[in-house]
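Shown next, in structure tokens, is the structure this report addresses.
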Amino acid sequence: MTDRVLILDFGSQVTQLIARRLRENGVYCEIHPFSMAAERIDAFAPKAIILSGGPASVYEAEAPKAPQRVFELGVPVLGICYGQQAMCAQLGGRVATSEHREFGRAFIEITDECALFEGLWPKGSREQVWMSHGDRVEALPPGFRAVAVSEGAPFAVVADDRRRFYGTMFHPEVIHTPQGAALLRNFTHRVAGCRGDWTMAAFRAQAVERIRAQVGRGRVVCGLSGGVDSSVAAALLHEAIGEQLTCIFVDHGLLRAGEAEEVVTLFRDHYNIPLIHADAGALFLGKLAGVGDPEQKRKIIGATFIDVFDGEAHKIGGAEFLAQGTLYPDVIESVSVTGGPSVTIKSHHNVGGLPERMKLKLVEPLRELFKDEVRALGSELGLPERLVKRHPFPGPGLAIRIPGEVTREKLEILRKADAIFLEEIRNAGLYDAIWQAFAVLLPVRTVGVMGDGRTYDQVCALRAVTSTDGMTADYFPFPHDFLGRTATRIINEVRGINRVVYDVTSKPPGTIEWE
């Protein structure tokens with residue numbers, strides 16, 4: 001059985017990164033709320049437990065606490081920021097507000113040896129970390145000792161070697177702690193003895209068996225959008241149950257240039273997966289006519305998508321299961337201890353869910369995976385690299401990249417500009433260096449001169465961002481000659497655009513994902 005680490009979430013905006021770092025080191029883990037019942041913790045049978053950070057103060061009356069079972073199991077425990085404070089407070093220490101708060105980059109002094117530091121941070125060294133706290137531990141529980149200090153935290157890292165309990169005031173999971181991933185590896189591999197044997201090949205085999213056990217001889221319908229998630233889910237399902245699967249591709253007419261044809265060719269012709277292509281572009285455009293509010297547009301697209309999908313599913317007959325490309329971040333958000341931005345994100349990105357009237361049982365083969373892991377599974381399944389590495393694309397498609405009313409004319413203009421932008425990125429060999437790139441048709445018209453004539457056309461904005469995890473992002477620094485070449489092509493080749501701008505907006509931690 002694969003070793004499992006349990007992460008208890010106290011509401012930190014970067015809790016997901018803990019899981020990502022562990023999985024990058026081959027350790028399977030799951031995130032659950034801090035209120036997880038003792039019997040469920042026992043059933044999970046963790047090899048180790050990590051307590052995440054969070055926004056509360058442990059001395060407040062309603063502050064969340066770790067289940068006492070955590071400290072009784074006899075497995076290693078690592079508390080991060082609030083997790084450290086909760087552990088120390090519950091085990092007999094003292095936590096108080098600090099006059100010297102630490103937010104952002106900081107440095108710790110390693111004052112003693114510790115299993116977390118083995119082969120990484122020698123005694124006496126000064127190491128960069130990322131802090132985010134206004135409270136601090138002021139007195140340690142029995143059995144603990146300080147092994148690192150900072151200007152604002154006399155107990156920046158603490159250790160109880162006998163019980164294998166450790167705590168850090170900094171966040172090792174974020175990239176701003178340069179050796180943080182290695183420290184987490186020390187905890188999982190050296191302290192907890194995890195083998196690090198969780199691989200995508202192993203997941204693939206286990207997932208196929210789980211699908212077969214759940215579905216049996218039943219029929220499954222799968223909503224196929226052509227994006228990475230639904231495509232990988234469809235390929236995995238087809239490997240597991242073959243002809244029992246039928247994919248429904250609702251073509252809402254809001255896709256990028258050539259994407260609808262690409263989906264049909266790949267899955268119907270190449271993989272020979274039963275596929276229904278519901279060409280509903282005219283229907284969606286009719287529903288969107290005269291609608292300018294972005295949230296209303298998303299709701300219309302979502303409701304229409306469900307209606308079309310439901311109608312096609314009923315034509316199949318005999319279907320018992322609906323497959324969805326739900327990912328692990330969706331699962332985490334749905335049980336967030338603080339409510340989280342899941343409603344906003346789902347409204348922003350997706351176009352539908354499981355309507356109750358369909359009376360189908362859910363199959364979610366990717367619900368344990370992060371986005372990068374889904375890409376790795378796609379490669380494992382042999383999907384084309386062009387599809388597996390495709391940039392994220394929201395369910396509402398180009399509709400949310402056209403502020404105001406969506407019309408056929410605007411869609412064609414944006415499609416052409418977007419295709420040129422992506423073509424130039426690929427020609428420059430930059431596609432894989434960028435996390436997401438797209439064009440937006442702004443609701444602005446400007447006066448321009450082209451040749452001997454005056455124009456009054458629209459403005460196109462280009463956006464490209466880099467990211468390692470989707471939690472933070474920064475604009476991609478294109479060379480000026482690239483931007484000049486791309487803008488020239490768009491203005492020359494796309495009628496209706498006479499000005500191109502480049503958006504250099506960055507995304508700080510804790511905000512919702514890009515479009």
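The values are calculated or read from the model by the stated rules, or taken from the named source; none is laboratory data. Everything numeric here is computed off the predicted structure, so don't read it as measured data. Every residue, glycine as well, gets a Cβ built from its backbone with ideal geometry; the counts of neighbours run over all protein chains shown. With ligands, DNA and RNA removed, areas are computed over all heavy atoms of the protein, side chains included. Shrake-Rupley method; radii C 1.70, N 1.55, O 1.52, S 1.80 Å.
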_Considering only residues that are open to solvent by 20 Å² or more (accessible area, probe 1.4 Å) and touching a residue at least 60 places away in the same chain (Cβ under 8 Å), which ones fall in segment 22-52?_
Glu24, Asn25, Glu30, His32, Pro33, Phe34, Ser35, Lys47
*Verdict on Ala153 being closer than 25 Å to Tyr59 by Cα, at pLDDT 95 or above, hydrophobic (A, V, I, L, M, F, W, C) and surrounded by 15 or more Cβ atoms within 10 Å (Cβ to Cβ)*: no
*Checklist (1) on the phi > 0 side of the Ramachandran plot; (2) in contact with a strand residue (DSSP E or B) (Cβ under 8 Å, 6 or more places away or on another chain) applied to Leu442, failing item*: (1)
_Checking Gly124 against (1) under 31 Å from the mean Cα position of the chain (by Cα); (2) on the phi > 0 side of the Ramachandran plot: exactly one of these is not met. Which one?_
(1)
*Residues of segment 113-137 being outside any strand (DSSP E or B), surrounded by fewer than 20 Cβ atoms within 10 Å (Cβ to Cβ) and touching a residue at least 40 places away in the same chain (Cβ under 8 Å), which ones?*
Ala115, Glu118, Gly119, Leu120
_Residue ID - most open to solvent (accessible area, probe 1.4 Å), chosen from residues in segment 70-86 that are over 20 Å from Cys194 (Cβ atoms) and not hydroxyl-bearing (Ser, Thr, Tyr)_ = Glu72
_Cβ-Cβ under 6 Å pairs, at least 6 apart or on other chains, segment 218-237 side in a loop (DSSP other than H, G, I, E, B), far side of a type in the set (S, T, N, Q) and at pLDDT below 95_ = Leu224/Ser230
*asked:* Just checking: which of the helices (runs of 4 or more DSSP H) contained wholly in segment 238-317 hold 2 or more residues that are among the charged types (D, E, K, R) and either on the phi > 0 side of the Ramachandran plot or open to solvent by 20 Å² or more (accessible area, probe 1.4 Å) (or both)?
replied: 259-264, 294-316
*Given (1) of a type in the set (S, T, N, Q); (2) at pLDDT below 90; (3) crowded, with 24+ Cβ neighbours inside 10 Å, number of the condition Gln16 does not satisfy*: (3)
*Please indicate, with yes or no, whether at least one residue in segment 462-478 is under 28 Å from Ala282 (Cα atoms), β-branched (Val, Ile, Thr) and part of a loop (DSSP other than H, G, I, E, B).*
no
_Looking for something open to solvent by 40 Å² or more (accessible area, probe 1.4 Å) and under 25 Å from the mean Cα position of the chain (by Cα) - is there at least one such residue anywhere in segment 156-166?_
no
*Considering every residue within segment 207-216, establish whether at least one is in a loop (DSSP other than H, G, I, E, B) and touching an Asp or Glu at 6+ places or on another chain (Cβ under 8 Å).*
no
_Would you confirm, using the coordinates I've provided, whether Gly11 is part of a loop (DSSP other than H, G, I, E, B) and closer than 18 Å to Gly193 by Cα?_
no
*What number of residues within segment 87-106 satisfy the criterion of being surrounded by 17 or more Cβ atoms within 10 Å (Cβ to Cβ), of a type in the set (A, V, I, L, M, F, W, C) and in a strand (DSSP E or B)?*
2
*asked:* Looking only at residues that are among the acidic types (Asp, Glu) and in contact with a Gly (Cβ under 8 Å, 6 or more places away or on another chain) in segment 169-219, which one is farthest from Tyr82 (Cα to Cα)?
replied: Asp197
_Single condition Leu183 does not satisfy, out of (1) more than 13 Å from Gln128 (Cα to Cα); (2) modelled with pLDDT of 95 or more_ = (1)
*Inspect segment 1-10 for any residue being open to solvent by 20 Å² or more (accessible area, probe 1.4 Å), at pLDDT 90 or above, more than 21 Å from Glu173 (Cα to Cα) and among the hydroxyl-bearing types (Ser, Thr, Tyr) and give the result as yes or no.*
no
